[in-house]
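Below you'll find the structure, written out as structure tokens, and then a few comments.
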Amino acid sequence: MADFRTPEATRNLPGPVDLNYSFQLVAEFSERHVSRTSRGGRVFRQLRGGRIEGPLLQGTAYAGSGGDYGLIREDGVEDVHERFMLRAANGEWLYVSHVGYRRTDGYHRLQASFDADAGGPYAWLNDAVMIVSVEEADARTTYSYYQAI
């Protein structure tokens, strides 16, 4: 039997990752529409707007700039795919993409990716690893963004 050895690159992994709270987005969406497709239940909710507040970003979510394009799997879990535009308080446009899942018990987590002006004050978002905790109540969705450092 061959002797298994751990590759050098994985022997000394870094320690635990810290998450720092960055900002919160409270967004409003249209009614959720679900269409049955061969892949599962295709979800669509259009973004109606929202407000961003926090220590690292303030601004608004731009109404009509996108929404939630999820897919409900056979097990009832929704694969979440959201895309829309944010506008920082200084006027800079930010594109955000969320990918993650929403379980039937309400547990909802996402990973956020951003596109910001490479020379602007929010360029740090282009390389940020953001974990997002989500709470939903009626048409409002509250996203709390935590940067992994």
TODO: For the chain, set up a Gaussian network in which alpha carbons nearer than 10 Å are linked by springs, and say which option among D79, D105, D115 fluctuates the most.
DONE: D105
Task: Residues E136 and D75, FRET efficiency given R0 of 22 Å [Cβ-Cβ distance, rounded to 0.05] - done: 0.70
- [ ] Would you tally the net charge around T142, using a Cβ to Cβ cut-off of less than 9 Å, leaving T142 out, and scoring K and R as +1, D and E as -1?
- [x] -1
TODO: Name the residue, out of H33, H81, H108, whose mean-square fluctuation peaks in a Gaussian network model built on the chain with Cα pairs under 10 Å.
DONE: H33
Task: FRET efficiency, H33 to V129 (Cβ-Cβ, R0 25 Å, nearest 0.05) - done: 0.20
TODO: Towards the positive end of the charge dipole of region 23-148, with charges on Cβ (+1 Lys, Arg; -1 Asp, Glu), say which of S113, T141, T37 has the farthest Cα.
DONE: T37
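When only Cα pairs under 8 Å and 6 or more residues apart are kept, what is the percent relative contact order across the chain?
21
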- [ ] With the convex hull built on the Cα atoms of the chain, state its orientation-averaged projected area in nm².
- [x] 13.0
Open item on the list: Using a 10 Å cut-off around each Cβ, can you sort I52, I131 from fewest to most neighbouring Cβ atoms?
Closed with: I131, I52
Task: Net dipole in debye of the chain [+1 Lys, Arg Cβ; -1 Asp, Glu Cβ; about Cα centre; nearest 20] - done: 340
Task: For region 122-133, 3J(HN,Hα) per residue [Karplus equation, 6.51 cos²θ - 1.76 cosθ + 1.60, θ = phi - 60°, Hz, x = Gly/Pro] - done: 9, 4, 4, 5, 4, 10, 6, 9, 10, 9, 10, 9
Open item on the list: I'd like the distance between the alpha-carbon centres of region 104-135 and region 79-93, rounded to an integer number of Å.
Closed with: 10
- [ ] Specify the residue with the greatest mean-square fluctuation among R45, R102, R32, computed from a Gaussian network of the chain linking alpha-carbon atoms under 10 Å apart.
- [x] R32
TODO: Order by neighbour count: E92, E135, fewest other Cβ atoms within 10 Å first, most last.
DONE: E135, E92
Open item on the list: Quick check: net charge around A89, other residues with Cβ under 14 Å of its Cβ, Lys/Arg +1 and Asp/Glu -1?
Closed with: 0
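FYI, it's all coordinate maths here, none of it is from the lab. Quick caveat: nothing in here was measured; it's all calculated off a predicted structure. Backbone-built Cβ (ideal geometry, glycine too); neighbour counts: all protein chains shown.
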